[in-house]
Amino acid sequence: MARDSKHEARIHIGVVGAGTMGQGIVQLFAQAGHRLSVFDAFDGAVPRAISNVTALIQRGVAKGRYTQEQADALVANISPCFSLDDLADCDLVIEAIIEDVEAKQDLFASLEDIVSDKAILASNTSSLVVAEIASKAQHPERIAGLHFFNPVPLMRVVEIIAAVRTSTATVDTLRALVAGTGHRAVIAEDQPGFLVNHAGRGYSTEALRVLEEHVASHEQVDVIMREAAGFRMGPFELMDLTGLDISGKAMASIYEQFHQEPRFRPSALVPPRMAAGLFGRKTSEGWYRYDDQGKAVLTQTQATVPTLPDGLKLWIEPQSAQFKEVCGLAQDAGVELVDQAQEADICIVQPWGQDATNASLAYGLDATRTVALDPLCPFVLHRCLMLTAVTDRQVRDAAHALLASDGVAVSLINDSPGFVVQRVLATIVNIAANIAQRRIASVEDIEDAVKLGLGYPHGPLSWGDKIGGINVLKILNNMRGMTGDPRYRPSPWLVRRVKLGLSLLTPEAERN
Ligand code: NAD
């Protein structure tokens, strides 16, 4: 291995497949100072890729990232290959060819005859079993998954997939190499979706359940998840960006690969939309319609806020998480607070995991005069108001008017155990807890991979701590009780830590 003046190991990396991912991988490692050799089976792909990468690196000069000399030196390290034989002295070869197991097996078989015994072979597969790619190799211990995200230079996480025969030395070398680029290397087991795509299963699948049950519209779910939970994009906006052709297949594939695990069961709403070509931005129509500039054309207008009637009397369940805030709002709006629910025009409850109808019955309230307010939505950002099955229209409008009286947005949804944010976040936390339980990845890697790979505002286990593990458990148990659906069964990781009063980040004791 060559060493540069800073004494960091610089190695020779081969990249096979010079498409979207191959180009990003070449750029990342070239910028880290390594020597790159690029091969593609199709004429023209390599010169195009090198010219794209060169332009991107040269842009770094204008941005003050490199001097012209430095940029020229990085670019000079990238060489085109005319045959696989040109990769003979590579220390590592990364493949980013088509997602086809036989093509990848054949490529690694050819490479094993060319490279040295010490060279590592890595696959950028996103959905194949790495052990299967390695199954035809003479030395499967030097084969691992090295899963980058698109766009590679900007997505600062890389999954290293340790397949059953991958050696520790291979994993350690790849981890050090990735760390040298400034990206965060996380180690994941060779399980469906690895780490990031497994952890990301909850967001869209639970949002689709909410839609299926007519709890809220897709526009409402997107607004609630952005404004109240802090996601950059709502789940339906995200499906439109990824393309339902891609995400629909991914949902079905992970479900099947996990032998029909109910937690990942896809929604029956998706196949008809895929069949109709409603893929999202790429077909100008998905959950939203898009204009010629690719901007979403919003059809649903914001519900007008009703007028607050005079002489209103309000009762709020005294143990409610936002009791003080609601009382303050009522006082400012001139609404009288009463101690006895029987005297009130509106009764507000704030349940965890329970629907508004059951919560009203549990408190002995009149369901026609009851509404529920999600305690998980930050009071100053967004308020999610849920009706019982029989909430009176005037009660609904009066509650809406009161909760919108200081200008904060209110979403009005139908009855559901766990509102919208509670359901979606509890699902995300539960899936992450089960990833930890199964040791698919370490707690630290789960936290960082989800923030970096999925762009969530918090790691899923620390998010569970913020919500309160006991609340997450309540939501899941209530959802399971109400629907009878095993998809909501809580992970043992979650149950045990809640019972012990511990953070969800607490690792398991080691038995040796
Ligand atoms: P792409 O179609 O943009 O590029 C693939 C390239 O591989 C093409 O240039 C093609 O000519 C070349 N190629 C195909 N078969 C070859 C062979 N046998 N030998 C040499 N070259 C060959 O595809 P992509 O999006 O860059 O994806 C590549 C791999 O990365 C796939 O395994 C994919 O699942 C995975 N991946 C993709 C993404 C993504 O967002 N695009 C993310 C993570 C992983």
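Dividing the radius of gyration of the alpha carbons in segment 175-277 by their Kirkwood radius gives 1.03 for Rg/Rh.
Per-residue ellipticity at 222 nm for the chain, helices alone: DSSP H runs ≥ 4 residues times -39500 (n - 2.57), over residue total, nearest 500 deg cm²/dmol? Walk me through the intermediate numbers first.
Details: 20 runs with 209 residues, N = 512.
Calculated mean residue ellipticity at 222 nm is -12000 deg cm²/dmol.
At 10 °C and a viscosity of 1.306 mPa s, what translational diffusion coefficient does Stokes-Einstein give for segment 67-183, taking Rh as the Kirkwood radius over Cα pairs? Give it in µm²/s as a whole number. Before the final figure, lay out the partial values.
On the way: Rh = 15.0 Å.
Estimated diffusion coefficient is 106 µm²/s.
When nucleic acids and ligands are ignored and a 1.4 Å probe is applied, TYR290 ends up with an accessible area of around 20 Å².
I need the shape label for segment 1-104. Rule: rounded when a/c is under 1.5, else prolate if a/b > b/c, else oblate, with a, b, c from the alpha carbon gyration tensor. Let's see the in-between values first.
Working: a/c = 2.19, a/b = 1.42, b/c = 1.54.
In terms of gyration-tensor shape, oblate.
With the simple spin-label model, which puts each label point 7 Å out from Cα in the Cβ direction, the ARG393 to THR506 separation comes to 5.3 nm.
Using the Cα centre of segment 369-420 as the reference point, and only Cβ charges (+1 on K/R, -1 on D/E), how large is the resulting charge dipole? Debye, rounded to the nearest 20. Walk me through the numbers on the way to the answer.
On the way: 4 positive and 5 negative charges, 13 e Å.
That gives a dipole near 60 debye.
Taken along the Cα-to-beta-carbon direction at a fixed 7 Å, the label points for PHE323 and SER167 span 6.4 nm.
By the scheme Lys and Arg +1, Asp and Glu -1, what is the net charge of all other residues having a beta-carbon under 11 Å from that of GLY469? Each step should come with its number before you reach the end.
Details: positive: LYS466, LYS474, ARG496, ARG497, LYS499; negative: ASP465.
Local charge sum for GLY469: +4.
Rounded, prolate or oblate: which fits segment 330-431, taking a ≥ b ≥ c as square roots of the Cα gyration tensor eigenvalues, rounded meaning a/c under 1.5, else prolate when a/b beats b/c? Oblate shape, in that a/c is at least 1.5 and b/c is the bigger or equal ratio.
Of the listed residues THR307, THR391, the order by accessible area with a 1.4 Å probe, largest first, is THR307, THR391. How about segment 30-89: which trypsin sites (Lys or Arg not before Pro) there are in a DSSP loop, with at most 16 other Cβ atoms within 10 Å of their Cβ? Those that pass, being in a loop and sparsely packed, are LYS63, ARG65. Within segment 203-253, the proportion of C-alpha pairs whose separation exceeds 13 Å stands at 56%. Amide H contacts under 5 Å for VAL38: VAL15, SER79, CYS81, restricted to partners 5 or more places along the chain or on a different chain, H placed in the peptide plane at 1.01 Å from N.
Under a point-charge model restricted to the Cβ atoms of Lys and Arg (+1) and Asp and Glu (-1), what is the dipole moment magnitude of the chain relative to its Cα centre, in debye to the nearest 20? Numbers along the way, then the final one.
On the way: 47 positive and 61 negative charges, 126 e Å.
So the dipole magnitude of the chain works out to roughly 600 debye.
Length gained on full extension, SER217 to VAL305, computed as 0.36 nm times the residue gap minus the Cα-Cα distance: 29.9 nm. Taking a ≥ b ≥ c as the square roots of the eigenvalues of the Cα gyration tensor, segment 129-212 is oblate, since a/c reaches 1.5 or more and a/b is not larger than b/c. Look at where the Cα atoms of segment 134-201 and of segment 397-454 average out, and the two centres are 28 Å apart. At the residue level, GLU261 shows approximately 30 square angstrom of accessible surface with a 1.4 angstrom probe and all protein chains present.
Normalising by the residue count of segment 7-139, find the relative contact order in percent from Cα pairs under 8 Å and 6+ residues apart. It would help to have the intermediate numbers written out before the result.
Details: 208 pairs, mean separation 36.0, N = 133.
This gives 27 percent for segment 7-139.
When the chain is described by a simple charge dipole with +1 on each Lys and Arg Cβ and -1 on each Asp and Glu Cβ, the residue from ALA441, LEU154, VAL210 located farthest towards its positive end is ALA441. Of the trypsin sites (Lys or Arg not before Pro) found in segment 208-269, the ones in coil according to DSSP and having at most 13 other Cβ atoms within 10 Å of their Cβ are ARG232. Bridgeable lysines around LYS451 (alpha carbons under 29 Å apart, same-chain partners fewer than 8 residues away excluded): LYS63, LYS249, LYS282, LYS295, LYS466, LYS474, LYS499.
The string of couplings for segment 137-147 from the Karplus curve (6.51, -1.76, 1.60, θ = phi - 60°) is 7, 6, 10, x, 5, 9, 10, 9, x, 9, 9 Hz, one whole number per residue in order, with x for Gly and Pro. Other residues whose C-beta falls under 12 angstrom from the C-beta of LEU211 contribute a net charge of -2, scoring Lys and Arg +1 and Asp and Glu -1.
Of the trypsin sites (Lys or Arg not before Pro) found in segment 89-188, those in coil by DSSP whose Cβ has at most 11 other Cβ atoms within 10 Å are LYS118.
Rounded to the nearest 0.05, the FRET efficiency derived from the C-beta distance between ASP406 and GLN293 at R0 = 35 Å is 0.50.
Taking the convex hull of the alpha carbon positions in the chain and averaging its projected area over all directions gives 27.7 nm².
Computed over neighbours whose Cβ is under 15 Å from that of ALA55, the net charge equals +3, Lys and Arg +1, Asp and Glu -1.
The values are calculated or read from the model by the stated rules, or taken from the named source; none is laboratory data. If you're wondering where the values come from, they're calculated on a predicted model, not measured in any experiment. Every residue, glycine as well, gets a Cβ built from its backbone with ideal geometry; the counts of neighbours run over all protein chains shown. Accessible surface is based on the protein model in full, side chains and every heavy atom, while ligands, DNA and RNA are left aside. Shrake-Rupley method; radii C 1.70, N 1.55, O 1.52, S 1.80 Å.
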